[in-house]
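The values are calculated or read from the model by the stated rules, or taken from the named source; none is laboratory data. Since the structure is predicted, the reported quantities are computational estimates derived from the model, not experimental observations. For neighbour counting, all protein chains shown are included, and Cβ atoms are generated from backbone atoms with ideal geometry for every residue, glycine included. In case anyone asks, the SASA skips ligands and DNA or RNA and just uses the protein heavy atoms, side chains included. Shrake-Rupley method; radii C 1.70, N 1.55, O 1.52, S 1.80 Å.
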Amino acid sequence: MALICDTAYYEHSKNSKKLMWETQLLYAFGLLQLHQAHRDDIYFIDCSTPQQDIAPATKFIKARELNKVLTIAHGNNHFVILSFDMKTNTVSAYDGYGCDLHTWDDHCYFVFRKIGVQGGNKWEKKLIQKSRGREVKQSDGWNCGPIACMVL
């Protein structure tokens, strides 16, 4: 992976055991991955402010047009990927730490409001600790960012 940053950030990070994965970096990576895939049936939503109120006019995508919605959820200094399967009404949390799924409720409801889904509380939620057929377990406090990028 190529890291593009200013000199001060590079100097700060190069000798650190913890490379801080900034929220904006992960969202940018998610958008780039979506662009590279050229998929019209998968949508990436910025969920960095999940408690933000959404006016009806900003609901710009219809759920029936999508197969999947992806977002990066961030809370308690931890990142996970949330994948919303529109055909099975399932939310999968890709999380190497295995946080309680209710940790991501605000993020889920934000996405439901953004795409106009009613009755989101009836969706099944599940924890996934595999990516591309390999088990993903996080045993430290800083690799959730790289794990999120790997899942994307």
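Taking every protein chain into account, the 1.4 Å probe leaves SER131 with about 10 Å² of accessible area, to the nearest ten. Here is the list for region 98-152: trypsin sites (Lys or Arg not before Pro) lying in DSSP coil, each with at most 14 other C-beta atoms within 10 angstrom of its C-beta, are ARG132, LYS137.
Full extension of the chain between ASP100 and ASP140 gives 12.7 nm of extra length, using 0.36 nm per residue less the Cα-Cα distance. Accessible surface for region 82-152, divided over its residues, is 52 Å² per residue with a 1.4 Å probe. Annotation: amide H-H contacts under 5 Å for TYR97 (H modelled 1.01 Å from N, sequence separation of 5 or more, or interchain): GLN138.
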